[in-house]
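Notes for the one structure printed next.
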Amino acid sequence: QVQLVESGGGLVQAGGSLRLSCAASGRTFSTYGMGWFRQAPGKERDFVAAISWTGRSTYYADSVKGRFTISRDNAEKTVYLQMNSLKPEDTAVYYCAADSYGLGHTKQVEYDYWGQGTQVTVSS
């Protein structure tokens, strides 16, 4: 069992940066692939970024490539999403998720555990 708690969301102006954190409980965090997804108002939840259990493989949605960076610290049981050059269209609730197969996936169905989400609002 893994419990996930996101933090670091907030209000930022366009062009600014935020760093999201996702703290995990449980002894097996280091074996999980981790992902970030987001859901804007009135829209479906979409993939943002994912990282394998080793951290060697990372994946990004085209819309965030070159602006967002996913990383993890297995000793701290935390995964991060560094978001730079934020745009108003990045406004959404951001969720982290854990994948027990460890690969890091782009599809939501592959994830076993989800956090409650953190709001990110980017003003123009």
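Structure notes:
- The single condition among (1) of a type outside the set (Asp, Glu); (2) in a strand (DSSP E or B); (3) in contact with a Phe, Trp or Tyr (Cβ under 9 Å, 6 or more places away or on another chain) that Thr106 does not satisfy is (2).
- Filter result for the condition that a residue is among the β-branched types (Val, Ile, Thr), surrounded by fewer than 22 Cβ atoms within 10 Å (Cβ to Cβ) and under 18 Å from Ser25 (Cα atoms), over Thr121, Thr78, Thr91: Thr78
- Test set (1) in contact (Cβ under 8 Å) with a residue 24 or more places away in the chain; (2) under 16 Å from His105 (Cα atoms); (3) not basic (Lys, Arg) - Gly8 fails condition number: (2)
- Residue in segment 38-45 that is open to solvent by less than 60 Å² (accessible area, probe 1.4 Å) and on the phi > 0 side of the Ramachandran plot present: no
- Here Leu18 does not fit the description of being surrounded by 22 or more Cβ atoms within 10 Å (Cβ to Cβ) and either among the acidic types (Asp, Glu) or modelled with pLDDT of 95 or more (or both).
- Residues that are open to solvent by less than 30 Å² (accessible area, probe 1.4 Å) and either among the hydroxyl-bearing types (Ser, Thr, Tyr) or over 16 Å from the mean Cα position of the chain (by Cα) (or both), drawn from segment 21-37: Ser21, Gly26, Tyr32
- Of all residues in segment 91-102, those that are charged (D, E, K, R) have Cβ atoms under 7 Å from Cβ atoms of residues that are not in a strand (DSSP E or B), 6 or more apart or on another chain, in Asp99/Tyr32; Asp99/His105; Asp99/Glu110; Asp99/Tyr111; Asp99/Asp112.
- Test for Val12: is it closer than 17 Å to Ser100 by Cβ and open to solvent by less than 40 Å² (accessible area, probe 1.4 Å): no
Listed here are the residues, each with its yes/no results for (1) assigned to a loop (DSSP other than H, G, I, E, B); (2) closer than 19 Å to Val5 by Cα; (3) aliphatic (A, V, I, L, M).
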residue: Asp46; (1), (2), (3): no, yes, no
residue: Tyr59; (1), (2), (3): no, no, no
residue: Ser71; (1), (2), (3): no, yes, no
residue: Glu76; (1), (2), (3): yes, yes, no
residue: Ala97; (1), (2), (3): no, yes, yes
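The values are calculated or read from the model by the stated rules, or taken from the named source; none is laboratory data. None of the values given here were measured: they were computed from a predicted structure. Because the Cβ atoms are built from the backbone with ideal geometry, glycine has one as well, and the counts that use them run over all protein chains shown. The area values use the complete protein model at the heavy-atom level, side chains included, leaving out ligands, DNA and RNA. Shrake-Rupley method; radii C 1.70, N 1.55, O 1.52, S 1.80 Å.
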